[in-house]
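Peer 1: The following block contains the structure, expressed as structure tokens.
Quick note: the coordinates plus some simple rules give every number you see, no bench work behind them. Given the structure is predicted, the values throughout are model-derived calculations rather than measurements. Don't worry about glycine lacking a Cβ; one is built from the backbone with ideal geometry, like all the others, and counts go over all protein chains shown.
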2 protein chains.
Amino acid sequence: MALEKETEEKIFTAAQEVFQKKGFDGARMQEIADEAEINKSMLHYYYRSKDKLFMAVFQAGVKKILPKLLGVLGSDKTLEEKVVQIVDFYYYIFKVNPYLPAFVIHEMNMHPERFRDFIISSQIQIPQKFKEQVEQEVADGRIMEIKPEQFLINIVSMCMMPVIAKTMVQVIFSFDEREYKEFLKERKAQIPELIMKGVKP
Amino acid sequence: MALEKETEEKIFTAAQEVFQKKGFDGARMQEIADEAEINKSMLHYYYRSKDKLFMAVFQAGVKKILPKLLGVLGSDKTLEEKVVQIVDFYYYIFKVNPYLPAFVIHEMNMHPERFRDFIISSQIQIPQKFKEQVEQEVADGRIMEIKPEQFLINIVSMCMMPVIAKTMVQVIFSFDEREYKEFLKERKAQIPELIMKGVKP
DNA sequence: GTCTATATAACGATAGAC
DNA sequence: GTCTATCGTTATATAGAC
């Protein structure tokens with residue numbers, strides 16, 4: 001019917017909102033229905049169960065992040081350019097979808113077995129090009145002895161941690177919303193420099 | 001009675017186990033009772049409600065981390081020594097209580113308002129001594145222009161992120177348990193160097 | 001203090017009319 | 001496709017015997 005897709009989209013959007021904010025266990029089907037402004041029965045009509053609706057949201061969330069990140073890693077840019085691009089990308093994600101990173105990480109920890117297959121079947125893996133690039137930089141003596149995986153996690157850590165631990169940062173530093181945003185902005189400018197200087201030989 | 005304290009402690013220990021692993025929403029009072037090997041009614045007899053039992057566990061968790069961390073920051077050690085001590089401390093926490101960091105961060109995000117009062121009333125704040133120490137290093141030109149808050153979050157990020165995102169790290173790098181542990185161990189040796197070189201002028 | 005039994009409410013899910 | 005009504009289950013919490 002005419003409204004079929006519209007309704008399904010409204011459900012999905014509402015489910016994203018609620019699941020990402022409250023997690024699978026904290027989310028209520030009724031709340032999703034309210035958020036979508038439709039009847040609760042419609043959720044089951046379109047997605048059959050809470051589990052299936054959740055998986056749709058979760059998988060879409062992962063696909064918003066990982067492919068793009070791996071794309072940057074596999075490009076022809078220099079290592080320094082890639083660092084800047086990764087930082088830019090994460091800050092873009094935080095801006096358009098602030099709850100997404102914490103949501104994905106939390107749900108993966110809650111049900112590791114559930115998502116291994118999905119991620120493995122999605123062909124998600126670190127591009128060989130990136131690994132060789134880091135190893136070449138090490139071999140040429142331009143950076144210290146460091147594994148590509150460690151280098152990548154360094155960047156991700158510096159970007160994501162203060163976002164995932166938002167409340168913690170705000171409370172222990174007594175930051176209001178404006179000060180917190182300013183803190184993140186200030187970091188963004190510093191992270192590439194910290195990362196690259198940190199791995200100097 | 002003779003078993004009073006013993007029972008209350010068994011409940012508390014079991015509650016820690018279950019809450020930290022599954023979160024407030026995912027935890028079940030019955031599961032806590034099973035874990036403690038006592039009757040479910042005992043949970044309410046000693047703690048009145050799930051909420052109160054949870055708060056006891058959460059507050060104990062925060063007190064395991066923050067006071068010790070702030071103690072290190074407020075000591076007379078050099079900045080470099082403090083970095084090493086903070087890294088050591090976090091790795092100690094991960095070892096004895098692997099789920100605690102992710103638990104605290106997740107629950108704070110779920111209910112920010114709930115915990116502001118507790119943390120503020122606990123007098124938790126960054127020691128002035130640490131702030132002045134970083135500012136002095138900057139003024140003396142020994143490190144780049146960086147705020148104490150940023151410097152601290154850099155260390156915490158590098159330590160905690162790969163622990164909080166354990167499943168993510170394991171899956172995208174195809175690490176088994178042994179390789180993951182090795183990865184963390186390798187990081188531990190590198191983090192102080194990365195942090196200090198990163199802030200060189 | 002510890003147990004059994006049960007109250008009470010909420011949740012996910014479905015049946016069936018339209 | 002969309003609604004109302006309701007089923008079946010499970011959760012927290014309490015009452016009351018011992």
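Peer 1: Taking loop as defined by DSSP and a crowding limit of 13 other beta carbons within 10 Å, which GluC sites (Glu not before Pro) in region B:13-61 fit?
Peer 2: Sites meeting the loop and neighbour criteria: B:Glu37.
Peer 1: Sticking with this one: Give the nm distances, rounded to one decimal, from A:Gln136 to the matching residue in every other copy, measuring between label points 7 Å along Cα toward the beta carbon; shortest first.
Peer 2: 4.6
Peer 1: List the chymotrypsin sites (Phe, Trp or Tyr not before Pro) within region B:1-96 that DSSP assigns to loop and that have no more than 12 neighbouring Cβ atoms inside 10 Å.
Peer 2: Answer by residue number: there is no such site.
Peer 1: Express in whole angstrom the spacing between the alpha-carbon centres of region B:6-79 and region A:1-79.
Peer 2: The distance from the Cα centre of region B:6-79 to that of region A:1-79 comes to 32 Å.
Peer 1: At 222 nm, what value in deg cm²/dmol follows for chain A if DSSP H runs of at least 4 each add -39500 (n - 2.57) and the sum is divided by all its residues, to the nearest 500?
Peer 2: -26000 deg cm²/dmol
Peer 1: Post the alpha-carbon centroid distance, region A:136-166 to region B:101-159, in whole angstrom.
Peer 2: So the separation of the two Cα centres works out to 21 Å.
Peer 1: Right, next: For peptide B:93-105, compute the average count of partner chain beta-carbon atoms within 10 Å of each residue's beta-carbon.
Peer 2: Shielding by partners across B:93-105 averages 2.
Peer 1: Separate question: Loop-only check: which trypsin sites (Lys or Arg not before Pro) in region B:132-201 are DSSP coil with at most 15 other Cβ within 10 angstrom?
Peer 2: For trypsin sites (Lys or Arg not before Pro) across region B:132-201 that sit outside H, G, I, E and B with at most 15 neighbouring Cβ atoms in 10 Å, the list reads B:Arg142.
Peer 1: Defining the label point at 7 Å along Cα→Cβ, can you sort the distances from A:Gln59 to the same site in each other copy, shortest first, in nm?
Peer 2: 4.4
Peer 1: Within 10 Å of each Cβ in peptide B:172-185, how many partner chain Cβ atoms are there on average? Round it to a whole number, please.
Peer 2: Per residue, the average neighbour count from other chains is 2.
Peer 1: I've got another one for you. Using Cα pairs under 8 angstrom and six or more residues apart, how large is the relative contact order of chain B, in percent?
Peer 2: Across chain B, relative contact order equals 21 percent.
Peer 1: Nm distances between the label at A:Tyr92 and the same-position labels in the remaining copies, 7 Å along Cα→Cβ, shortest first?
Peer 2: 4.3
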